[in-house]
Amino acid sequence: MGRRRLLLLLKPLDVYSLHQSTGVPRRNTNPKVLQFIDSRCRVHKAAIEFCQDILRRKSIEWDAVFRSHLSQPIHNVDLVVTIGGDGTLLRASHFLNDSIPLLGLNSDPTQSQEVEELGDEFDATRSTGFLCAATIKNFEQMLNNILENGMTPTELSRMAIKVNSELLPLYALNDVLISDPNPAAVSRFSFRIRKQESSQALVNCRSSGLRVSTAAGSTAAMLSAGGDLMSVSSKDLQYMVREPISVTQEHLRLMRGLVKPKESMDIYWQTNEGLIYIDGAHIVHNVQHGDSIQISSCAPSLKIFLPHRLLGTSKM
């Protein structure tokens, strides 16, 4: 077997900067807040250096790239390791096909004692890293299990999005939110679930938007909004109309449901402008009145090493 090749994808250090992009200092000058932010930066930087030191001791070829510099599909590596949190992991997923596995390392986990001591003054939680299976405590062992012992990754379902029949160039791992650019404005749209041989009746909506999630995404914003927790092995998609307006009890039951693997959700946008947010706020696609959007799970799966706690998720 030849030397293994690995890519480290890094969360940038400047996300912890105390200054905005304009260079104007932020107003919060609470010394405890400033110390907390400085600590987060130091812990993250130390995690990067720790992982790189381990790789230098092993017979592995590797490169490190900050996530903001990634712009092309990832090829010719045996493993991608993200160092940061879920945001960095999601970024990596958008550049991976279904052949290269992904390992997330949470570089700055929340410290319960710190939250207890500082929680009355400010939010002292750190990186969630919900999809990250590694920390600096178990990184070397995880690496050995993957590269030497043949540890098998989990395959997560992803979501394909088409606008006017044109496939968007990336797949959503967590969720998609479609809404008016103004969060206080009403979004008007219709949708139907299209099956192989038939389609459900058209559902007309006025609301604050529509959210669709994968099984992995059912643990995130969908769950916070009252959605159902799904098994990570599920290929179904879950949808929920956000804050529907003037609906009857009978109509209300149509505002949420599932899209099965051989089905698609066809959405017809009837508002002047709209935005499709893919896996958070950073990737956005514009739509306008008359556009059609099709969402399905007909997408390459993502190979990923998940935390053990997620492998038993099976409530739906």
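Of the residues 95, 50, the single one that is aromatic (Phe, Trp, Tyr), at pLDDT 95 or above and within 30 Å of residue 264 (Cβ to Cβ) is 95. It is to be established whether one or more residues within the range 181-196 are surrounded by fewer than 23 Cβ atoms within 10 Å (Cβ to Cβ), farther than 22 Å from residue 97 by Cβ, modelled with pLDDT under 95 and in contact with a Lys or Arg (Cβ under 9 Å, 6 or more places away or on another chain). For the range 181-196, residues surrounded by fewer than 23 Cβ atoms within 10 Å (Cβ to Cβ), farther than 22 Å from residue 97 by Cβ, modelled with pLDDT under 95 and in contact with a Lys or Arg (Cβ under 9 Å, 6 or more places away or on another chain): present. Screening residue 299 on (1) modelled with pLDDT under 95; (2) within 16 Å of the chain's Cα centre (by Cα) shows it passes everything except condition (1). For the range 169-217, the set of residues classified as among the β-branched types (Val, Ile, Thr) and not in a loop (DSSP other than H, G, I, E, B) consists of 176, 178, 193, 203, 212, listed by residue number.
Among the residues making up the range 90-125, those that are closer than 28 Å to residue 58 by Cβ and either open to solvent by 60 Å² or more (accessible area, probe 1.4 Å) or among the basic types (Lys, Arg) (or both) are 91, 98, 99. Remark: pairs (first residue in the range 184-199, farther than 19 Å from residue 247 by Cβ; second residue surrounded by 15 or more Cβ atoms within 10 Å (Cβ to Cβ); Cβ separation under 6 Å; 6+ apart in sequence or on different chains) = 194/264; 194/266; 195/263; 199/192. For residue 217, the stated conditions hold: it is out of contact with any Pro (no Cβ under 8 Å at 6 or more places or on another chain), modelled with pLDDT of 95 or more, surrounded by 16 or more Cβ atoms within 10 Å (Cβ to Cβ) and under 28 Å from residue 92 (Cβ atoms). In the set 304, 276, only one residue is β-branched (Val, Ile, Thr) and within 17 Å of residue 177 (Cβ to Cβ); that residue is 276.
The one condition from (1) under 24 Å from residue 214 (Cβ atoms); (2) outside any helix (DSSP H, G or I); (3) not aliphatic (A, V, I, L, M) that residue 137 does not meet is (1). Residues that are in a strand (DSSP E or B) and charged (D, E, K, R) were ranked within the range 248-296; the one that is least open to solvent (accessible area, probe 1.4 Å) is 266.
Pairing each residue of the range 54-72 that is outside any helix (DSSP H, G or I) and at pLDDT 95 or above with any residue that is open to solvent by 40 Å² or more (accessible area, probe 1.4 Å) and acidic (Asp, Glu), provided the two are 6+ apart or on different chains, yields no C-beta distance under 8 Å. Count of the range 241-264 residues, restricted to those that are touching a residue at least 60 places away in the same chain (Cβ under 8 Å) and of a type in the set (Gly, Ala, Ser), is 2. Could you list all residues from the range 302-316 that are crowded, with 16+ Cβ neighbours inside 10 Å and modelled with pLDDT under 95? The answer is 310, 313. As a summary of the residue check, residue 150 satisfies the conditions (1) surrounded by fewer than 20 Cβ atoms within 10 Å (Cβ to Cβ); (2) among the small types (Gly, Ala, Ser); (3) part of a loop (DSSP other than H, G, I, E, B); (4) under 15 Å from the mean Cα position of the chain (by Cα) except for the one numbered (4).
The values are calculated or read from the model by the stated rules, or taken from the named source; none is laboratory data. Note that the coordinates shown come from a computational prediction; the quantities given were computed from them, not determined experimentally. Positions of Cβ are generated from backbone atoms using ideal geometry, with glycine treated the same way; all protein chains shown enter the neighbour counts. In case anyone asks, the SASA skips ligands and DNA or RNA and just uses the protein heavy atoms, side chains included. Shrake-Rupley method; radii C 1.70, N 1.55, O 1.52, S 1.80 Å.
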